[in-house]
Structures are given as structure tokens and as C-alpha cells.
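The values are calculated or read from the model by the stated rules, or taken from the named source; none is laboratory data. Fair warning: this is a prediction, and the values are worked out from it, not measured in the lab. Here the Cβ positions follow ideal geometry from the backbone for every residue, glycine too, while neighbour counts run over all protein chains shown. Quick note on the areas: whole protein, heavy atoms, side chains included, nothing else; ligands and nucleic acids left out. Shrake-Rupley method; radii C 1.70, N 1.55, O 1.52, S 1.80 Å.
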Amino acid sequence: MAGDQTVRVGLPTHEALAMLPVPDHLTTPQMDGHVCVYDNEALSNDTAVDLGQRQQDGRTVFARASRRCASQTAVGVLFDHTTGADACTVCQTAPCDTASALNRVIRMGAR
């Protein structure tokens, strides 16, 4: 039998997307998920990624972003996760589940 074919799932991509920060002040179209929370690009179901429901100003926000913006934002989150005084110690030897999921988000921008 060939080597172990087990796939390690780790942190799901949708949980990594929910880790991405959202600006503090959003317009109504951004809150409703019609435009990207980062650059106001009009979104469709084909072009948007769901950043998860959030609460802002006492209202439920349906945060969505373009693949490009989500990817660019994930780069910053991954950098913060792997560097500095509070850097992930697991990532010093190999990507942890969080880093692996953030890398999947980054690759989404290349699609």
C-alpha cells in the first residue's frame, strides 16, 4: 500500500475568512453584502466571498469582499500571525492550521 493518504483538514476556510478584519464604518450597501467592505466593488454571488455575519452599530452585517481584497487582507493577517512578539510558535517549524487556512484565502485571490 502506498503512503498514508489522510488529508488533514485543520481550520476551515470559512473560519479563516471570518478572522479578516472589517472596517469600523460601513455603508448600507457594504453592510448588506452588495459591495466589497474594503473597496466598494459591486459583488455578485460569483465574485464575492462571505466574511461571515458580524454585529456593528447594533445591526447584523453580512460582510462580503471581492476575492482580490480578501486575499490582500489575509496577507496582512497572516503576517501578523507569524511575526512579532505574539507570533505563532507552531509556525516557526511548519504552518499551523490557522496559517494554512489563511494561505487558502490568499490563493483565492489568484482565481
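Scanning for something modelled with pLDDT under 95 and part of a loop (DSSP other than H, G, I, E, B), does the range 59-82 turn up at least one residue? So far as the range 59-82 goes, no, none of its residues is modelled with pLDDT under 95 and part of a loop (DSSP other than H, G, I, E, B). Scanning the range 36-56 for residues that are farther than 21 Å from Pro12 by Cα and free of Cβ contacts under 8 Å to residues at least 24 places away in the same chain, which turns out least open to solvent (accessible area, probe 1.4 Å)? Only one residue tops the list, namely Leu43. Condition first: acidic (Asp, Glu), at pLDDT 75 or above and more than 17 Å from the chain's Cα centre (by Cα). Now tell me which residues in the range 1-32 satisfy that. Correct list: Asp32 only.
Note on the range 59-94: residues that are under 15 Å from the mean Cα position of the chain (by Cα) and open to solvent by less than 80 Å² (accessible area, probe 1.4 Å) total 15.
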